[in-house]
Structure formats: C-alpha cells, structure tokens
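Okay, so here's the structure we're looking at.
Just so it is clear, none of the values below were taken in a lab; they were calculated from the coordinates. No experiment lies behind these values; they were computed from the predicted model shown. Counting neighbours? That spans all protein chains shown, and the Cβs are built from the backbone with ideal geometry, glycine included.
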Amino acid sequence: MARDRNRGVHPRVPELQRQLADGHIDRRSFLRTTTLLGVSAAAAYAMAGVPAPAWADGMNMPFPKDDPKARMGGILKVGMQVQKMEDPATYSWVEMSNQTRHIIEYLAMTGPDNITRPMLAESWEASDDLKTWTFHLRKGVLWHNGDEFVADHVVWNVERWLDPALASSNVGLSTFSAMREDSGKKDDKGKPIMVGRKGAVEAVDKHTVRFNLSKPVLSVAEDCYNYPTAILHPSFKAPLNDNPIGTGPFTLAELKPKDRCILKRVTKTTDGKDFTYWGGKVYLDEIHYYNFDEDNQLTAFASGDIDAIYEFGIEQYELAKALEGNIIAARTAQTLCCRMRVSEKPFDNKKLRQAFITACDNSVYRDLVFQGGGDIGENHHVAPVHPEYYALAPLKRDVAKAKQLLAEAGYPNGVSVTIDVGNTDGPWHQTVCEIMRDQVKDAGIDLKINVIPPSKYWEIWDKTPFGATAWTHRPLGTMVLSLGYRQGVPWNESAYDNPEFDKALDVAESIFDVEKRRAQMAKVEKILQDDAVMVQPVWRPVFTIAGKKVHGYPPHPTQYHQFNKVWIG
C-alpha cells in the first residue's frame, strides 16, 4: 500500500484527506488519486468514509471476491467481432484486446469504478516529485510455459514499446513519453526520432521494477492498463496466436478471424507441470467469441446462440428491453471524432476548419442520435466524466461567421469536402455525419459522405484527409490527449502539431492538486478547441446485455472484458 513500506503512505495522501474534509475535492477524485499513489482500494474507501464495493475487497486483488453461490465450469459465449491477434503492443481495436485479455495481463487494472488496482504488480509507490515509480511484482506468478514472471520481463516489454521501429501507441502515454529522448536523428519528414532513454526502466531486483521519468506523471498506474500495455513473455514473436504464452487463466485453443476465438482454461504448463493461477478461483472452463458485427449482435442474442454481446446501438434499445436479459448501460468517454488532417489540403487551412466547426451545432446530436443520453462534445476530446475536465463556455453555431471565415479562407463561393465513414461502432456514425452535412450546408459547405466497410476504414483512419473515427473510453482526458494529439505520436490521426499544446499538457500532467490541474486543463482544452481540428459532437452511452444465467458480468466504460469471476448459473 505504501510509498515506502518503512515510511508509510505517500506524503500527499494526508493533503488529499484534508482537501476531502474541506470539500475542495469530491470522493471520486480522492479515491482515484490516493489509489494511484499506492493506497489500496479498500483503505482508500475507508479513508473516504464510504462502503467499499466488491471491486475493493481488501485483498489487494483487482478482481471481486469469490461468490459463494458460484458454480464451477461452463462455457461463456459472447458475440463480438473476432479479429486477428498479431502484436498486442500495436493493437488498435478493443475487441483484439478482449480476445487477448484473459491470456496476457497487465501491471495494473482500472475497474468499473474508475479505481486502479494492482494486477501483476502487487503494489507500487511514487517518489514525492512523481518522477520515480517503483512497482513490486507479485511472487509466484507463472507463465504458461512454466517460467516465473520476473522484473526483467517487464523491462523487456517497456524497452520494446520505446523502440521507434515498433511504432507502439504506448509511447503517446504520459508515462512512456517521459522515458524517451531525442536521438539526434530525423525521420523522412524532418521530425526528431525519439528513442528510449538509458536507465528509464530498471529491474531493481527479481521482483521490483523502477520507472525513472523525465517529468512528473500522476497517471502511471492508469497508463499501465491502456489496452496495448499487456505484458508479453520475452520469447514473443508475432503473431501472438502462434505462441500465446501468458500469465492469465486462459489460453488460445482456436482462432479464425471473422468466425470464432476459443479460449480454454489453463490447467497444465506447456512443460507438463500443474498450473496454479495467481488470481484465485476462475469459474469458467471456456470463453467462446463468435463473430458478429455490432448491428446483428443483439439479434444473435435474441436467438439464444450466445450468452452476452459486446454492445448494441441505441436504435436497438427497445428490442433489448423485450428480451430475457440484463441490460448494462454506462456513461462513458467514448466518442466520435470527425477530424480533419491538418497537414492535407484543404484542411491545412485553419480558417476553413474554423468555418466548418462554426457552422455546426454540437448541442443537437445527443438528442437526435442518443435520445438525450450521453454528453455534448466540445471539440477538445475531454469528457465531463474525466476527473480533470474543465467546463469551457458552450459552443454556439454562427452561420454568418462561418460564411465569413470561409471567404477569408479563399472560398467565397463555398467548398465541397468528403468525409470517410466506417460505421465501426454502428450506423450512428453515418447519422452524425448526415446531421453535420445538413448543418454545414447553410454556410456554403457541401459535405459528401463516403461510407466504407469498417475493416476498410481502419486501414485508412490515420491517413484520410477527413474521417469519422471512434475513440474508446479512457479514465483520463490527459491520457487520450497524449495518445491522439501530441506531435509525432503514432495515433495522432489529425497530424496535429502545436508545441504550445504539448507544453500545456505537460504542465497539466505534472500537477498533483485536483483543482489546480483542472484549471490548467482549461488552457489545454481551449488551445485544441481553437485550433479547430475536429467536430467532436457527442460522448455516447454504451449498452450491452447478458443472459439471466450469466452472473458477475462486469460493466466497464471501456468495454474491456475481464471474466475471471463470471459464472454460468
């Protein structure tokens, strides 16, 4: 629990307790921050004076307590897109990570309550300046081949992520960007090639890993549950499905992309020894994923072919209510970014981008698309559910100003542009773009909508001049901003490059005080909003459903599947 086992909790924890008592921070912020500083979830809930949910069971585990009514055995059948399992460090779909999540695991795990708990690590501690983070790994954790999980394995993974040749999105996260430095070399576009800094990650001993960062970062533990940060065995060679060695309770038995993914519980290591899973009881014998696109997952559930699904859309909500199942809804930071690639014509013209955005009315999408569910987007990719969110002045549509900006951009007679739409989360993407098309038409902008298959969209999502890209939930706004908008990071689909933004985000990530960090985020959000990179119209609610015989099915705003304590009645 402690920053230093001999010295007690991190010195910032008493400060947080005073802020909570004085009403300067809410319980949600207190719980999140104290657990990031190494306090156990159970202790944090006790400090806050509220009952701990099942996910804070006092056992320093990331999973709920065992259910005394649970039955061992059975197969859970889930409807979801079944995808390739190449290299987890370069995954760009949550579905891929769900297929993988029960095989390979993470240093930490962020639960449905947005609290981050130890996973392969049993605890961590941060230095007073938040630049040095020490992870104490669980002892006795075995890989499926019989090897013991040790600190050198974590070092190997982190150093691999930092290698620019891999192009892992992990380098966009605050933690791992603070482990890089300029190599002195340039890429073919003249940008600095960033490499891992010597000594940024070290094995202190067999079960202790230390991160040495170049700047303060509070979200280190949260970053370690971003889905491409799963810890691989050092023998890994892509694709993962050829040799799926992990520490999790399941292994891969069969994979046929666009058809099925079969996971079976591990009972023996590959060298013939008994395998005991470190995480306690796991009830299911097998997990089967069967390939269904989002628009027909609910139909498959209704037919009885599957026990649960990845998601269904708002347009299917009435059907879901009529079915024998438990509907699970979550308020999220999932969104659609209709983003313009600022390095490509005509979107390299800032006034044109500003004209487009000014012609839009973000306030209508929530009602028209999600029947009032979700939250209004503000074109800066920080959601009201994010703890550091700062509420800027509401955006207002101004058609006359949009026409003026369009003329100043060199298009006094209007302009025609095309947006690529893959409907990767369902047909609501296209609906959003159709509403947008009707709005911008009033300003003289002819928006054409090019609908393409989801798989084709993900081939061009980071290249198309104008695209509608779905982004999943992340627990922090700073996390998604670092992944998507810092100069040169792999997932910067808009090619955004503003040193002022990067610097302001660095400052926000280094501020411990919740209110001060939120105030700094006002500057971060405003810079991105004013640069008119995207129309980000709505934060969507997420809906899924599980059968009545499925128990312990965990809701999660990221739609991450963690079925360790799921059982079939």
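Each Lys or Arg adds one and each Asp or Glu subtracts one; over the other residues with Cβ under 13 Å from the Cβ of residue 503, this totals -2. The radius of gyration of the Cα set in segment 372-462, together with its Dmax, comes out at 15.8, 44 angstrom.
Counting other Cβ atoms within 10 Å as a rough exposure proxy, the listed residues 517, 18, 101 run 18, 517, 101 from fewest neighbours to most.
Placing unit charges on the Cβ atoms only, positive for Lys and Arg and negative for Asp and Glu, gives the chain a dipole magnitude near 540 debye about its Cα centre. Along segment 315-331 the Karplus relation, 6.51 cos²θ - 1.76 cosθ + 1.60 evaluated at θ = phi - 60°, assigns HN-Hα couplings of 5, 9, 4, 5, 4, 4, 5, 7, 9, 7, x, 9, 7, 10, 10, 9, 7 Hz to successive residues, with x for each Gly and Pro.
When the Cα convex hull of segment 425-569 is projected onto planes of every orientation, the mean area is 12.2 nm². When 160, 540 are arranged by Cβ crowding within 10 Å, least crowded first, meaning fewest neighbours, the order is 160, 540.
Summarising the overall dimensions of segment 127-192 from its C-alpha atoms, the Rg and Dmax are 15.7, 47 angstrom. The residue 367 and residue 442 beta-carbon pair, evaluated with R₀ = 22 Å, returns a calculated FRET efficiency of approximately 0.70. Amide H contacts under 5 Å for residue 538: 336, 377, restricted to partners 5 or more places along the chain or on a different chain, H placed in the peptide plane at 1.01 Å from N. For residue 469, neighbours were defined as the other residues whose beta-carbon sits under 14 Å from its Cβ, and their charges (Lys and Arg +1, Asp and Glu -1) total 0.
In the frame of its principal axes, segment 331-541 has Cα extents of 49, 36, 32 Å, reported largest first.
Within segment 49-173, the ratio Rg/Rh, alpha carbon atoms throughout and Rh by Kirkwood, equals 0.98. Ignoring aspartates and glutamates fewer than eight residues from residue 65 along the same chain, the ones with Cα atoms less than 20 angstrom from its Cα are 57, 105, 113, 122, 285. Once both labels are positioned 7 Å from their Cα atoms along Cα-to-Cβ, the gap between residue 401 and residue 165 label points is 5.0 nm. Could you work out how far the C-alpha centroid of segment 183-218 sits from that of segment 334-380, in angstrom? Taking the Cα centre of each part, segment 183-218 and segment 334-380 sit 35 Å apart. Out of (1) -0.51, -1.09, -1.33; (2) -0.32, -1.00, -1.32; (3) -0.29, -1.05, -1.48, which label holds the value of log10 I(q)/I(0) by the Debye sum over Cα atoms at q = 0.06, 0.11, 0.13 Å⁻¹ that was computed here? This structure yields the entry labelled (3). Note on residue 256: lysines with a C-alpha under 23 Å away, same-chain residues under 8 apart excluded, are 77, 84, 237, 264, 456. Between residue 21 and residue 516, full extension at 0.36 nm per residue minus the direct alpha carbon distance yields a gain of 176.4 nm. Annotation for residue 286 and residue 452: the two label points, set 7 Å from Cα along the Cα-Cβ direction, are 3.7 nm apart. Subtracting the Cα-Cα distance of residue 188 and residue 507 from 0.36 nm times their residue separation leaves 111.9 nm of extension gain. Backbone N atoms of segment 254-270 closer than 19 Å to the 7 Å Cα→Cβ label point of residue 303 belong to residues 256-262. Each of 275, 312, 301 was scored by other Cβ atoms within 10 Å of its Cβ. Listed from fewest to most, they are 275, 312, 301. Ratio of Rg to Rh for segment 163-266: 1.04 [Cα atoms; Kirkwood radius as inverse mean 1/r over pairs]. Using the Cβ-Cβ distance between residue 459 and residue 321 with R0 set to 45 Å, the FRET efficiency from 1/(1 + (r/R0)^6) comes to roughly 0.80. A dipole drawn for segment 331-541 from +1 and -1 charges on Cβ atoms has a positive end, and of 452, 482, 415 the residue lying farthest that way is 415. Secondary-structure-derived ellipticity at 222 nm for the chain, considering helices only, amounts to -7500 deg cm²/dmol, per-run term -39500 (n - 2.57) for DSSP H runs with n ≥ 4.
Sequence-distant contacts, meaning Cα pairs under 8 Å at least 6 residues apart, place the relative contact order of the chain at 19 percent.
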